[in-house]
Amino acid sequence: MREPNVSLRIDAELFATLMEKVSEFGDTGDGGVNRPVLTDAHKAARDWLCAVFRSRGYEVLIDDIGNLFGQMDLAGPGAPLVMLGSHLDSQPFGGRFDGAYGVIVALAAVESWRATAEEAGIAPSCNFVIADWMNEEGARFQPSLLGSSVYAGTVARDFALARTDMSGATVEAELMRTGYKGSDAAPKPTCFIEFHIEGDDKMEKSGAKIAPFVRHWGASKVRIEVTGEQNHTGPTPMQDRHDAVLGAAYIIAKVKEIADAAADTLYTSVARLDVSPNSPNIVPGKAVLFAELRAPEPVMLEWAEAELRAALPGLAARAAVKAEIIEVERRPAGRFDAGLVALCEQVADFLGLKRMQLDTIAGHDGVALNGIMPSIVVAVPSVNGVIHRNDEFTSEEDLVAGGNVLLQMIERIDAAGGDLAKAGGTK
């Protein structure tokens, strides 16, 4: 097996050029991007990525849920296949690093490894594929992690294709419109590696440059429908009103109260509220809440969901409305592959980069894939812990340091012929 090369570095100029270019798609002019899934801006970014793949000799593959892959066969048919990547879709008016960094750093790392191997006369033993997963964010279509979950077999393809946005457009229709409803067989790799910005300030405060996520928290995403009675906000007597938004307000406060009862072990939110008919002069007849419960242990999620269910009748009665849970999407908690965590840590130590271990409370495509193959998500620092808004930022130095770790990881996996244990990924 080849000895690790401490001088092996990612092509920082290539990475910076690609990162700058992808940030143009959906550019909001204030440092952020507005590139929700299957919008024109998202299509433009994907079209550009396909063109880059083809110009560099990658085979472009698009499966029937719109996941996009660029495959580079360096070792020939039948060789172990290593998958890297993340997603190009963004939150509405989100940041330019979330997701896109993982795709671009993967491409730059594979290109750097290919160039290094050619220059040194090394015959690679692995092939590589870069993934851009469809609808990681879950902003326009719910649930999140949609493309990777269909790939992993935890969400049915027909269910995913039928998801609608607020205008009623379906995933299938938008895939067809944008040209990303493919028919290619999805690649079948041996492992998946995703790099991402942290989205918190723990790394920045500690001085760490690399942090493999060891655990991923579970989530229950609860959709609650509150039904009242539409009426005029003027002449309708207060005691006769059945205000759906008032009922929703009581429920929102309860969701926060449940989190307060389990400090640091339960995170909750209600970040979306759809009101009908949404007129300032009409007592709302209906409100749909999108509540989220996140915790590292299944028992906590079960408790929180039970508390919310038990409280709904009384909260609804306070506003003289009805409330019911109409859908629950559950994502289990778990641990990322210990071998890949160890490999990441060994590489960080080899490069002299301070590291730490973290949990990820947010969902990532690597969470979906973790159920079917060895997977890991690795974080680089976020300035001030900002994510999902225009001023999310990670320094070029930290972005490139993450790229160097990724490059060293894939070089060691390649040197071991795709065997993660031989790559040094077990302690």
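Every number in this text was worked out from the coordinates using simple rules, so none of it is lab data. Note that the structure is predicted; figures quoted are calculated from it, not measured. We place every Cβ from the backbone using ideal geometry, glycine too, and count neighbours over all the protein chains shown.
Quick notes on this one:
- Each residue of the range 299-310 is assigned a 3J(HN,Hα), and the resulting list reads 4, 5, 5, 4, 4, 5, 5, 5, 4, 5, 4, 5 Hz, derived from the Karplus form 6.51 cos²θ - 1.76 cosθ + 1.60 (θ = phi - 60°), x at Gly and Pro.
- Rh by Kirkwood over Cα pairs, then Stokes-Einstein D for the range 218-331 at 1.306 mPa s and 10 °C, µm²/s: 110
- R0 of 41 Å, Cβ-Cβ distance Ala421-Asn278: FRET efficiency to nearest 0.05: 0.15
- Distance from the range 182-234 to the range 344-409 (C-alpha centre basis), Å: 14
- The tail of the calculated P(r) for the range 113-249, taken as Cα-Cα distances beyond 26 Å, holds 56 percent of the pairs.
- At most 14 other Cβ within 10 Å, DSSP loop - trypsin sites (Lys or Arg not before Pro), the range 323-387: Lys354
- Computed from the Cβ-Cβ distance with R0 of 56 Å, the FRET efficiency linking Arg2 to Glu327 stands at 0.65.
- Taking amide hydrogens as placed 1.01 Å from N in the peptide plane, the amide H of Ser375 sits under 5 Å from those of Phe192, Asp337, each at least 5 positions away in sequence or on another chain.
- Along the axis of the charge dipole computed for the range 76-172 (Cβ charges of +1 for Lys and Arg, -1 for Asp and Glu, origin at the Cα centre), the listed residues Val82, Met134, Leu145 are led at the positive end by Leu145.
- With semi-axes defined as the square roots of five times the eigenvalues of the C-alpha gyration tensor, the equivalent ellipsoid of the range 1-108 measures 27, 18, 11 Å, largest first.
- The Thr236 and Asp264 beta-carbon pair, evaluated with R₀ = 60 Å, returns a calculated FRET efficiency of approximately 0.85.
- Nonlocal amide H pairs with Lys354, under 5 Å, H built at 1.01 Å: Lys209
- Charge dipole magnitude, Cβ of K and R +1, D and E -1 - the chain, Cα centre, debye nearest 20: 640
- The chain: Rg to Rh, with Rh as the Kirkwood radius over Cα pairs: 1.01
- Taking amide H as placed 1.01 Å from N in the peptide plane, the amide H of Arg140 sits under 5 Å from that of Val37, each at least 5 places away or on another chain.
- Cα centroids of the range 88-107 and the range 17-33: 10 Å apart.
- Taken one residue at a time, the phi angles of the range 371-384 give Karplus couplings (6.51, -1.76, 1.60, θ = phi - 60°) of x, 10, 7, x, 9, 7, 10, 10, 9, 10, x, 10, 5, 6 Hz. Gly and Pro are set to x.
- Taking every DSSP beta bridge that has both ends in the chain, the antiparallel portion is near 70%.
- Helical contribution to [θ] at 222 nm, DSSP H n ≥ 4, -39,500 (n - 2.57), averaged over the chain, rounded to 500: -11000 deg cm²/dmol
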